[in-house]
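The values are calculated or read from the model by the stated rules, or taken from the named source; none is laboratory data. No experiment lies behind these values; they were computed from the predicted model shown. Note that each Cβ is placed from the backbone with ideal geometry, even for glycine, and that neighbours are counted across all protein chains shown.
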Amino acid sequence: MTQFSIGLTFKTVTISFISTAKSVETRRMVGLPKSFETGIDAVDKVLPKGIPRNSLTILAGDLGTGKSVLMEQLLYSMLKVEKEPCIYMNFEGPPIALQQDMESFGWDIDRYLDSGQLRFLDCFSFRMEPTETPKYSHFVKDPKDLHSVTSALFTMMEEMKMMGRGAVFVDSLTEMFTLVQEERPLVFHMLDGVKSWRAKGPKERLVPFFCSHHTPLRAYADLDDLLFYVVDGIVDVRFNPGFADRGLLVKQFRIRKMKGAPHETHWVTFQVTASGIVEVPLPVPVLTSDKPRTSKKK
Ligand SMILES: Nc1ncnc2c1ncn2[C@@H]1O[C@H](COP(=O)(O)OP(=O)(O)O)[C@@H](O)[C@H]1O
Ligand SMILES: [Mg+2]
């Protein structure tokens, strides 16, 4: 090395400094836990090695099946057990609605909002034109403008130092698509947006995303195929069809897809209790003794 000119040595030093900085960064990322447990017993049971941090997961299903409750419980576990920063993108209701919903399960998020560990990217309140926004919330004036939503999201992630830690929750993608439903090409533009979130969030920063999506909407059937193809994880949530035929709503979920993690694929039956999601056995069918009346003699 010493026989080289000073200029060259300087260059070499500079280059090696940059590569050292990069490798420190990479080492830091490599050293981080690559997966995390959800903290929800029923979910952890079917995902024994957890959910990889580099995944964008969709919670897909009919209205009322429990997608939002699942997200809320995941969020609370991330905040309380993992102690990681979280961003909640609310499209369906104001931040206060989430606070109240979670409070009904005894999940108090006020202290996380106060400490800055949880922040809202509020894509709902533009409807009300609020005069003041709480400090834990970023108010998006026009959520139809996906570019402004995305740039606000990544600024927030930067501010909250979300790199290999933390998670982002989106409730719901359906509502985000609905904002631009009159302009069909824009709905597909939104899909591109989801792709770029996945590239910049889970893939580049190792920050998992969870997005709820109301799937039986026929308006988005073609979009759903593309979306499901793109994402890393799919959790289906449904009412068991056999029981639904008889008017009973029995909630079930299953892991349809989870890239890079072993998982069971059977349907898990659950109930929403006062303390969240709890696995229960599939009810025994109540057989009716009614027989067709055609053979009845007069
Ligand atoms: N705070 C609560 N306490 C008890 N049950 C609840 C509570 N919140 C929701 N549920 C139950 O969970 C169901 C699913 O709610 P939700 O997760 O909002 O559905 P989705 O987001 O799939 O439309 C509700 O219909 C209700 O039965
Ligand atoms: Mg919901």
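Given the structure, is Gln100 under 28 Å from Lys141 (Cβ atoms) and either in contact with a Phe, Trp or Tyr (Cβ under 7 Å, 6 or more places away or on another chain) or not in a strand (DSSP E or B) (or both)?
Values: under 28 Å from Lys141 (Cβ atoms): yes; either in contact with a Phe, Trp or Tyr (Cβ under 7 Å, 6 or more places away or on another chain) or not in a strand (DSSP E or B) (or both): yes.
Taking the combined requirement at face value, the residue satisfies it.
Within segment 95-119, track down each residue that is within 15 Å of ligand 1 (Cβ to nearest atom) and either farther than 19 Å from Ile40 by Cα or aliphatic (A, V, I, L, M) (or both).
Correct list: Ile96, Ala97, Leu98, Gln99, Gln100, Met102, Ile109.
Taking only segment 123-160 into account, find how many residues are part of a strand (DSSP E or B) and either under 18 Å from Lys200 (Cβ atoms) or touching a Phe, Trp or Tyr at 6+ places or on another chain (Cβ under 6 Å) (or both).
Here the count works out to 2.
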When segment 59-88 is examined, which residues are found to be within 16 Å of ligand 1 (Cβ to nearest atom), closer than 14 Å to Phe209 by Cα and in contact with a helix residue (DSSP H, G or I) (Cβ under 7 Å, 6 or more places away or on another chain)? Leu59, Glu72, Tyr88
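So that you can scan it fast, the table gives a plain yes or no per residue for (1) crowded, with 21+ Cβ neighbours inside 10 Å; (2) modelled with pLDDT of 95 or more; (3) within 16 Å of ligand 2 (Cβ to nearest atom):
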| residue | (1), (2), (3) |
| --- | --- |
| Asp122 | yes, yes, no |
| Met128 | no, no, no |
| Glu132 | no, no, no |
| Asp145 | no, no, no |
| Ser148 | no, no, no |
| Phe154 | no, yes, no |
| Glu158 | no, yes, no |
| Lys161 | no, yes, no |
| Phe169 | yes, yes, yes |
What is the one condition in (1) out of contact with any strand residue (DSSP E or B) (no Cβ under 8 Å at 6 or more places or on another chain); (2) touching a residue at least 40 places away in the same chain (Cβ under 8 Å); (3) within 22 Å of Gly276 (Cβ to Cβ) that Tyr220 does not satisfy? (3)
Does Met176 qualify as being aliphatic (A, V, I, L, M), within 16 Å of ligand 1 (Cβ to nearest atom), buried (at least 18 other Cβ atoms within 10 Å of the Cβ) and over 26 Å from Lys34 (Cβ atoms)? yes
Considering only segment 44-58, state which residues are in contact (Cβ under 8 Å) with a residue 12 or more places away in the chain and more than 16 Å from ligand 1 (Cβ to nearest atom). Lys45, Val46, Leu47, Pro48, Lys49, Gly50, Ile51, Pro52, Arg53, Asn54, Ser55, Leu56
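Could you please let me know if Leu118 is buried (at least 17 other Cβ atoms within 10 Å of the Cβ) and within 16 Å of the chain's Cα centre (by Cα)?
For Leu118, the condition - buried (at least 17 other Cβ atoms within 10 Å of the Cβ) and within 16 Å of the chain's Cα centre (by Cα) - is met.
Could you say whether any residue in segment 185-201 is within 16 Å of ligand 1 (Cβ to nearest atom) and crowded, with 23+ Cβ neighbours inside 10 Å?
Taking segment 185-201 as the starting set, the residues that turn out to be within 16 Å of ligand 1 (Cβ to nearest atom) are none.
So far as segment 185-201 goes, no, none of its residues is within 16 Å of ligand 1 (Cβ to nearest atom) and crowded, with 23+ Cβ neighbours inside 10 Å.
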Of all strands (runs of 3 or more DSSP E) fully inside segment 180-271, the set with 1 or more residues that are more than 16 Å from ligand 2 (Cβ to nearest atom) and over 29 Å from Met156 (Cα atoms) is 251-258
